[in-house]
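Written below as structure tokens is the structure these notes are about.
The values are calculated or read from the model by the stated rules, or taken from the named source; none is laboratory data. All values derive from a computational prediction rather than experimental measurement. Counting neighbours? That spans all protein chains shown, and the Cβs are built from the backbone with ideal geometry, glycine included.
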Amino acid sequence: MNELCKLGIKEARAGLAKGDFTSVELMQAVIDRYHEENARIGAYLTFDEEGALAEAKANPGGVPLAIKDLINVKGQPCTCGSKILKGYTSAYDATVIKGIRAHGFVPAGRVNMDEFAMGSSTENSALGRTVNPYDVTRVPGGSSGGSAAAVGGNLCIAALGTDTGGSIRQPASFCNCVGLKPSYGRVSRFGVTAFASSLDQVGPITKSVEDAALLLQALAGHDEMDGTTPREPVPDYSAAIEGATLKGVKIGLPKEYYIDGLDPEVKRITDEAIKKCAAAGAELVEVSLPHTDYAMAVYYVVAPAEASANLARFDGVRYGHRSERSDNVFNLYARSRAEGFGPEVKRRIIMGTYVLSSGYYDAYYGRASKVRTLIRRDFETVFGKVDALLTPVVPTPAFKMGEVQDPITMYLNDLFTIPGSLAGNCSISVPAGFTRAADGAPPLPVGVQFICDAFREDSLLGIARAFEQVERGA
Ligand code: GLN
């Protein structure tokens with residue numbers, strides 16, 4: 001492997017600034033690595049090599065970023081991991097793409113994902129198979145599995161993912177990456193294919209917390225094109241984390257997250273993380289988020305409801321796949337959708353249409369929205385007492401490909417990430433160690449999650465950075 005692929009954003013920028021290599025050489029290294037390793041890992045779906053090299057040449061200092069295949073980059077495909085968008089080419093750039101270009105990044109290849117970001121293993125992609133770079137018999141997580149496999153497997157410097165209920169944090173934990181879900185509204189969703197509009201956020205998947213701060217800087221801020229982005233000032237995140245420590249930081253341990261069903265190795269690694277925080281001077285307090293138990297049920301009403309509305313636009317007329325077998329306009333819609341969408345997407349559309357239907361709206365969507373408010377209040381109360389929460393990211397390490405067949409079991413992956421998504425606060429998955437594998441199986445990475453109040457990415461990144469330094473023994 002060309003050593004340049006191992007670099008993070010900060011190191012790459014330093015090397016570019018010193019003239020150790022050029023942005024074209026860096027992009028070429030990523031492309032060579034793609035040729036060498038993508039057949040095995042399957043992180044990328046497509047890679048416009050010529051376009052990426054030309055853009056790197058025009059941007060001396062540009063650092064390549066792998067882009068989840070639901071973010072629009074003008075002239076590139078945007079499949080959302082679905083057959084329904086095969087052959088579609090984006091007509092414009094998402095705001096986040098303009099942001100990364102303005103901050104010295106160059107879009108590299110397009111990375112795989114669960115279809116329309118619905119899933120936790122990337123096995124729901126209709127277009128390719130992505131494996132975990134730490135054990136190719138296991139999943140990379142999802143839905144941003146391609147992004148995490150690209151970064152964890154050194155197939156890129158960093159990547160963009162999206163998180164609706166855990167899709168950045170969960171794959172980051174499985175692939176030994178840092179994964180940041182910004183607060184709802186911190187990052188523009190304009191040009192990002194919508195799954196559940198009240199939950200979706202774009203965020204960085206990186207090799208370090210410093211890199212997450214650098215990349216968030218390029219993403220965050222108000223956007224005229226997205227009315228859910230407030231005019232909240234954007235702090236200098238790199239400056240905010242400079243010299244951050246855990247000394248005197250109040251960290252809450254929500255008792256609802258320390259459940260019996262936790263995998264013993266995840267439990268061990270999380271307990272060690274807690275001890276390390278305490279040894280570094282953090283004050284640990286047990287707290288309670290009493291409505292946690294309802295989060296999963298609320299999410300699986302709200303997210304499918306919004307998805308069913310958002311996915312109505314894929315009708316065989318305006319985008320992508322059109323059925324050859326239709327003889328009237330109704331059949332055209334129905335057959336294009338039946339042929340284009342995979343089983344998980346259909347399941348969500350059916351659930352979502354049901355909970356929104358007249359006569360059921362109040363009982364399901366209306367009720368779920370009220371419980372969502374209670375979940376948000378739980379966090380508000382707790383953040384009056386502590387600076388951050390520390391929890392596991394996922395109840396288990398990466399599981400085997402094909403191991404989880406039942407959708408409900410798959411949904412349980414997001415037990416610890418969904419409540420924060422519903423509340424709209426910010427959270428991050430940071431590598432915390434490796435499993436001690438029995439019978440010579442490869443050790444698997446496990447992350448821990450820090451959660452902070454909405455729009456406190458500055459303190460979240462600082463705490464995560466301080467933990468990372470303790471963890472790395474720095
Ligand atoms: N796994 C969850 C789902 O399938 C979350 C996905 C996401 O965050 N995009 O909905």
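Does S323 fit the bill of being surrounded by fewer than 21 Cβ atoms within 10 Å (Cβ to Cβ) and in contact with a Lys or Arg (Cβ under 9 Å, 6 or more places away or on another chain)?
yes
Tally up the residues in region 132-189 that are under 11 Å from the mean Cα position of the chain (by Cα) and either surrounded by fewer than 24 Cβ atoms within 10 Å (Cβ to Cβ) or among the small types (G, A, S) (or both), please.
Qualifying residue count, region 132-189: 16.
Being within 16 Å of the ligand (Cβ to nearest atom), in contact (Cβ under 8 Å) with a residue 40 or more places away in the chain, in contact with a strand residue (DSSP E or B) (Cβ under 8 Å, 6 or more places away or on another chain) and within 23 Å of A212 (Cβ to Cβ) is the requirement here; does P107 meet it?
It is false that P107 is within 16 Å of the ligand (Cβ to nearest atom), in contact (Cβ under 8 Å) with a residue 40 or more places away in the chain, in contact with a strand residue (DSSP E or B) (Cβ under 8 Å, 6 or more places away or on another chain) and within 23 Å of A212 (Cβ to Cβ).
Among the residues of region 200-213, is there at least one that is within 16 Å of the ligand (Cβ to nearest atom), in a loop (DSSP other than H, G, I, E, B) and modelled with pLDDT of 95 or more?
yes
Considering only region 414-422, I want to know if a residue exists there that is in a helix (DSSP H, G or I), out of contact with any helix residue (DSSP H, G or I) (no Cβ under 7 Å at 6 or more places or on another chain) and at pLDDT 95 or above.
yes
Given the conditions (1) more than 23 Å from Y294 (Cβ to Cβ); (2) buried (at least 23 other Cβ atoms within 10 Å of the Cβ); (3) away from the ligand (no atom under 16 Å from the Cβ), report the number of the one that C452 does not fulfil.
All conditions are met except number (1).
What's the number of the condition V404 fails, among (1) assigned to a helix (DSSP H, G or I); (2) surrounded by 19 or more Cβ atoms within 10 Å (Cβ to Cβ); (3) within 16 Å of the ligand (Cβ to nearest atom)?
Here V404 clears every test but (1).
Being more than 13 Å from the ligand (Cβ to nearest atom) and not in a helix (DSSP H, G or I) narrows it down to one of G185, G119, G161, so name that one.
G185
Restricting to region 275-316, and then to whatever is of a type in the set (D, E) and part of a helix (DSSP H, G or I), can you tell me which residue is nearest to the ligand (Cβ to nearest atom)?
The selected residue is E306.
Go through (1) over 21 Å from P254 (Cβ atoms); (2) out of contact with any strand residue (DSSP E or B) (no Cβ under 7 Å at 6 or more places or on another chain); (3) modelled with pLDDT of 95 or more one by one and return the number of the condition D406 breaks.
(3)
Could you list, in sequence order, the residues of region 62-101 that are closer than 27 Å to E344 by Cβ, of a type in the set (D, E, K, R) and not in a helix (DSSP H, G or I)?
K68, D69, K86
Restricting to region 447-474, what's the tally of residues that are touching a Lys or Arg at 6+ places or on another chain (Cβ under 9 Å) and either of a type in the set (G, A, S) or part of a helix (DSSP H, G or I) (or both)?
Residues meeting the conditions: 7.
Please go through region 63-95 and pick out each residue that is of a type in the set (G, A, S) and modelled with pLDDT under 95.
G87
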